[in-house]
């Protein structure tokens with residue numbers, strides 16, 4: 001459980017972290033967000049897997065520091081919104097693609113919806129999904145940020161998404177796809193489309209105000225699992241490749257309201273008291289290749305003909 005002193009740490013550090021991020025230069029090419037899928041044949045996490053329609057595929061998000069600052073020792077904060085391309089959003093005869101159930105509520109105190117590190121490593125099905133280990137911000141109904149699956153295109157409103165048919169994970173109030181760049185008309189709504197995405201962060205190892213240690217602090221900079229999910233594929237018999245990625249416009253923005261500074265970054269902790277550095281982020285996608293079963297097309301046509309005959 002998240003203890004009460006963690007809340008105090010977060011409150012005390014909010015202003016300090018905001019000021020620090022505003023004054024800290026961004027280290028180029030110093031972080032990686034990596035999407036992975038679980039290949040049941042290899043029994044391993046990988047960047048690509050081949051599956052049949054109507055299959056459940058486990059997936060996750062990892063982050064790593066790839067820069068040169070030797071003081072970096074723990075994750076600070078990152079905002080992101082996972083996306084899935086080539087999605088079946090309008091299979092009118094069978095099922096649609098969907099994502100696994102989200103673990104709710106997702107708070108920073110009491111009974112939480114934060115998955116354990118062991119669940120982040122597991123490649124097996126889980127009863128529910130969401131953020132792993134790092135839960136420094138609430139994501140619930142009260143915060144207007146409950147984990148939610150959004151559909152874009154393919155019979156559903158595009159809502160600023162790129163052409164095509166997509167799924168996207170974000171907070172419940174982020175209905176529209178976050179624009180890749182926001183340099184004009186930067187208002188509260190524009191910032192909320194970023195700030196109410198998925199938040200993985202943590203307070204300092206030691207509260208600089210009270211001196212209390214944060215028992216939930218996690219050290220490490222490599223291959224940190226921050227999110228787990230599952231995608232349940234439809235029974236559509238189409239050869240397709242689903243790309244798992246992060247919406248570029250969902251990464252944290254340097255500027256605030258009315259600021260044209262649209263540089264994007266994430267942060268890492270460089271001292272036990274929460275001193276942070278900001279880094280540029282590279283995104284490594286994963287892919288799911290959906291391969292129809294031999295003869296499935298003929299069976300589908302026969303079934304469709306049977307349904308039509310039944311209607312006569």
For residue 220, state whether it is in contact with a strand residue (DSSP E or B) (Cβ under 7 Å, 6 or more places away or on another chain) and under 18 Å from residue 114 (Cα atoms).
-> no
Failed condition for residue 163, given (1) at pLDDT 90 or above; (2) in contact with a strand residue (DSSP E or B) (Cβ under 9 Å, 6 or more places away or on another chain); (3) assigned to a loop (DSSP other than H, G, I, E, B), with all others met?
-> (2)
Give me the pairs: first residue in segment 271-294 and at positive phi and buried (at least 22 other Cβ atoms within 10 Å of the Cβ), second residue assigned to a strand (DSSP E or B) and modelled with pLDDT of 95 or more, beta-carbon distance under 9 Å, and six or more apart or on different chains, which are they?
-> 274/76; 274/206
Unmet criterion (only one of (1) part of a loop (DSSP other than H, G, I, E, B); (2) touching a strand residue (DSSP E or B) at 6+ places or on another chain (Cβ under 8 Å); (3) modelled with pLDDT of 90 or more; (4) crowded, with 17+ Cβ neighbours inside 10 Å) for residue 143 | (3)
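The values are calculated or read from the model by the stated rules, or taken from the named source; none is laboratory data. Since we're looking at a predicted model, the values are computed, not measured. Cβ coordinates were reconstructed from backbone atoms using ideal geometry, including for glycine residues, and neighbour counts include every protein chain displayed.
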